[in-house]
1. For the stretch 103-166, which trypsin sites (Lys or Arg not before Pro) pass both filters: DSSP loop (anything but H, G, I, E, B) and at most 14 other C-beta atoms within 10 Å?
2. Give the order of ASP115, ASP40, ASP175 when sorted by the count of other beta carbons within 10 angstrom, beginning with the fewest.
3. Classify the stretch 71-113 as rounded, prolate or oblate from the Cα gyration tensor: take a ≥ b ≥ c as the square roots of its eigenvalues, call it rounded if a/c is under 1.5, otherwise prolate when a/b beats b/c and oblate if not.
4. So which chymotrypsin sites (Phe, Trp or Tyr not before Pro) in the stretch 1-104 are both in a DSSP loop and have at most 13 other Cβ atoms within 10 Å of their Cβ?
5. Once you list every other residue whose beta carbon is under 14 Å from the beta carbon of GLY124, what net charge do they have if Lys and Arg are +1 and Asp and Glu are -1?
6. Please report GLU58, GLU17 as a ranked list, fewest other C-beta atoms within 10 angstrom at the top and most at the bottom.
7. As a test, work out the antiparallel percent of DSSP beta bridges whose residues both lie in the chain, rounded to the nearest 5.
8. Taking the Cα atoms only, what angle lies between the long axis of helix 130-139 and the longest principal axis of the chain, rounded to 10 degrees?
Amino acid sequence: MQSVFLVPPDSLEYVPENYCVPLDLAAVFPGRSDLPLEIDLGAGDGDFILEMVKRHPERNFLAVERLLGRLTKICRKLARIAAPNGRALRIESHYFVRYLLPPGSVTVFHIMHPDPWPKRRHHGNRLIQTEFLDVVHRALVPGGELRLTTDNEDYFKHMRAVFEPHPGFVEEPWDPGEEYPQTDFERQYRAKGQPIFRALLRRG
Ligand SMILES: C[S@@+](CC[C@H](N)C(=O)[O-])C[C@H]1O[C@@H](n2cnc3c(N)ncnc32)[C@H](O)[C@@H]1O
C-alpha cells in the first residue's frame with residue numbers, strides 16, 4: 001500500500017515508508033543505486049552537497065539534516081538542478097546511520113562542522129562518540145572514508161581521543177585543496193581567519 005506523505009511527489013526529500021528498517025537504496029536512487037554513495041551528515045544549508053552533486057554525476061549523494069527549515073532549503077537547491085544523484089532526508093544523524101543505513105553501503109561520510117556543544121556538561125551530546133564510530137564503520141564499504149572538519153579545537157581534541165584508539169579506522173593525511181567545496185560554515189570561519197581542523201579516517 002502506498003503511504004500518504006505531506007511532501008509533494010516531485011520533492012527531492014526522501015521520506016522512508018518505515019523508519020525502523022534499513023533504506024531500500026534502489027527506491028532512493030531509482031536505476032542508479034549501484035553507484036557509490038556519499039552522505040553529508042548535518043548538511044546545514046546544503047551548499048556543499050549541491051556542489052558535490054553537480055561535480056560528480058557518477059556518485060549518489062544524500063544530505064541528512066534534522067532542522068526542517070534547513071532541509072527545505074537543501075531540497076529547493078537540489079530541485080533547481082533536478083539531478084538524479086542528490087536527495088535529502090530529515091532525520092537525526094546517529095539514528096539514521098544506526099538504523100537506516102544498510103551495512104557496507106556508503107563510500108564516504110562527510111561531517112563538516114558538527115555542532116560543538118562547547119560546555120563540558122553538554123559534551124555527551126557531541127555526535128562523534130565511540131558508539132557512533134562503530135555504526136559508521138558498519139555502514140561503510142571496506143576502504144570507505146569518514147571525513148571530519150571542525151573549527152572548534154576542543155571538539156577536534158575530543159574527536160581525536162575518540163577515533164585514535166578505534167580499531168576500525170586509520171587516519172590518513174588529507175589536504176582537500178580547492179577541489180573540495182567549502183561549506184556555508186567553513187566560508188564564514190575562513191572569512192574570520194579561523195583555523196579549520198580536519199581528519200580523514202579510512203575504514204580498515
Ligand atoms: C554548525 S552546522 C554545519 C552545517 C554544514 N555542515 C556546514 O558546514 O555549513 C551543523 C548542522 O548540523 C545539524 N545537526 C546538528 N546535529 C544534528 C544531528 N544529530 N542530526 C542531524 N543534523 C544535525 C544542524 O541542524 C546544523 O544544520
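Values in this text are rule-based calculations from the coordinates and carry no lab data. Note that the coordinates shown come from a computational prediction; the quantities given were computed from them, not determined experimentally. Reconstructed Cβ throughout: ideal geometry from the backbone, glycine too, with neighbour counts over all protein chains shown.
1. Answer by residue number: LYS119.
2. Ascending number of Cβ neighbours within 10 Å: ASP175, ASP115, ASP40.
3. It is prolate, given that a/c is not under 1.5 and a/b is the larger ratio.
4. Those that pass, being in a loop and sparsely packed, are PHE5, TYR19.
5. With Lys, Arg at +1 and Asp, Glu at -1, the neighbours total +2.
6. GLU58, GLU17
7. Antiparallel bridges make up about 35 percent of those DSSP assigns within the chain.
8. The angle comes out at about 40 degrees.
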